[in-house]
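Presented below is the structure to which this report refers.
The values are calculated or read from the model by the stated rules, or taken from the named source; none is laboratory data. Everything quoted here is computed from the prediction, not taken from an experiment. FYI the Cβ positions are ideal-geometry reconstructions off the backbone, even for glycines, and counts take in every protein chain you see.
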Amino acid sequence: MTSIDVHELTKEYRTTRAVDRLSFTVAPGRVTGFLGPNGAGKSTTMRLVLGLDRPTSGTATLGGRRYQEFDEPLRQVGALLDATVAHPARTARDHLLVLARSNRIPDRRADEVLEDAGLTTAAKRRVRTFSLGMRQRLGIAATLLGDPPVLMLDEPSNGLDPEGIIWLRNLLRRLADEGRTVLVSSHLMTETALSADHLVVLGHGRLLADTGTQEFVDARVRPRVRVRTGDPELLRAALAREGIGPVREADGRWTVEGARAEEIGLLAAREGATVLELVDEQGSLEEAYLRLTADSTEFAASASASASASASVPVPAPEV
């Protein structure tokens, strides 16, 4: 089993410290989302792990070894940093064959990963004719060539259509379930929430969070419940006895902060109050992320725009 281990990693460019004493581990068997605002140091960290840049200090290893020490690196690490690097005059299959032969990977793997990526019918087309989404699929196919235990993908959903995003999500889940180490950098919070089990979050080159996805959200966004009742006074009195003060909204519903639908439903049932609507408003990853990185964002929108973007996602509660 191979992990990505970053220890006290620092990278300075003249007067700029892009990565600042960064330490974290990406474990096998789960999808780790790599998050942070533009300029947070995500791409630089990936480049350092892959030996494309030299650290000023600290280490970045894969299973205890530096990337440069692997004789056939594609058998150890599949990496996608830029989907546009494929030679435009080559066909998709030829692009993969060049990579495969450089690492003594059988030619048949080119056809297998093209099929995995849904590009079999485009295998003989030249890369210059590919859309961005097709190039992205080709780049992902290249990461799979050597059947590696470690995969590192930088914004892999960029340019993919909805079907492609679902394909990618299922692929990441399958790879993690097979025991591989999967690190995915993304700005798409909704997609990260659906695919990532664990999060590593950076800000100004420093580690802001290294935790499970749900734990990350729960630690930063209080739960709340939206409720509508046919017996408002009865339910209000019952909530008051529990020290809970609901806020009445303009549409007649109430919002109860710091509570779960199950709690409110059981309380209403005990008091005999009729419940017409009961919805958990779970905090979103986007809301939690924006709260954590507010001071680390170089280019920020207005407060009103940010508040609108981080609205909670209503989740229907079970019937009570």
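The table for this structure:
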item	result
Counted residues, segment 63-76 - those being more than 18 Å from ASP53 (Cα to Cα) and among the aromatic types (Phe, Trp, Tyr)	0
Candidates ALA142, ALA100, ALA79, filtered to the one that is surrounded by 15 or more Cβ atoms within 10 Å (Cβ to Cβ) and either more than 28 Å from the chain's Cα centre (by Cα) or over 26 Å from ALA60 (Cα atoms) (or both)	ALA100
Among the candidates ALA79, ALA83, residue that is in the same structural domain as THR32 (by TED's automatic domain parsing), among the small types (Gly, Ala, Ser), touching a Lys or Arg at 6+ places or on another chain (Cβ under 6 Å) and within 26 Å of VAL49 (Cβ to Cβ)	ALA83
Residue count for segment 134-162, restricted to those that are within 20 Å of THR190 (Cα to Cα) and of a type outside the set (Gly, Ala, Ser)	10
From the options LEU153, LEU207, residue that is over 30 Å from LEU276 (Cβ atoms), modelled with pLDDT of 95 or more, in a strand (DSSP E or B) and over 15 Å from the mean Cα position of the chain (by Cα)	LEU207
Unique residue being touching a helix residue (DSSP H, G or I) at 6+ places or on another chain (Cβ under 6 Å) and surrounded by fewer than 20 Cβ atoms within 10 Å (Cβ to Cβ) when the list is GLU271, GLU286	GLU271
Residue within segment 171-183 that is modelled with pLDDT under 95 and β-branched (Val, Ile, Thr) present	no
Members of segment 45-68 found to be out of contact with any helix residue (DSSP H, G or I) (no Cβ under 9 Å at 6 or more places or on another chain) and touching a residue at least 60 places away in the same chain (Cβ under 8 Å), listed by number	THR45, MET46, GLY63
Matching residues, segment 187-197, being surrounded by fewer than 21 Cβ atoms within 10 Å (Cβ to Cβ) and either at pLDDT 95 or above or touching a strand residue (DSSP E or B) at 6+ places or on another chain (Cβ under 7 Å) (or both)	ASP197
Failed item, numbered, when THR211 is tested on (1) in contact with a Gly (Cβ under 6 Å, 6 or more places away or on another chain); (2) surrounded by fewer than 21 Cβ atoms within 10 Å (Cβ to Cβ); (3) within 30 Å of LEU144 (Cβ to Cβ)	(1)
Residue count, segment 225-243 (criterion: surrounded by fewer than 18 Cβ atoms within 10 Å (Cβ to Cβ) and either not assigned by TED's automatic domain parsing to the domain that holds GLY265 or not charged (D, E, K, R) (or both))	6
Search result, residues across segment 71-126 that are of a type in the set (Val, Ile, Thr), at pLDDT 95 or above and either within 22 Å of TRP167 (Cβ to Cβ) or not in a loop (DSSP other than H, G, I, E, B) (or both)	VAL77, THR91, VAL98, VAL113, THR120, THR121
Per-region count, segment 1-35, residues at pLDDT below 95 and closer than 21 Å to ASP197 by Cα	2
Residues that are touching an Asp or Glu at 6+ places or on another chain (Cβ under 7 Å) and closer than 16 Å to ARG30 by Cα, drawn from segment 187-218	VAL200, GLY212, THR213
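Conditions tested, residue by residue: (1) touching a residue at least 40 places away in the same chain (Cβ under 8 Å); (2) of a type outside the set (Gly, Ala, Ser); (3) within 16 Å of LEU183 (Cα to Cα).
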residue: LEU81; (1), (2), (3): yes, yes, yes
residue: HIS87; (1), (2), (3): yes, yes, no
residue: LEU99; (1), (2), (3): yes, yes, no
residue: ILE105; (1), (2), (3): yes, yes, no
residue: ALA110; (1), (2), (3): no, no, no
residue: ALA122; (1), (2), (3): no, no, no
residue: LEU138; (1), (2), (3): yes, yes, no
residue: LEU151; (1), (2), (3): yes, yes, yes
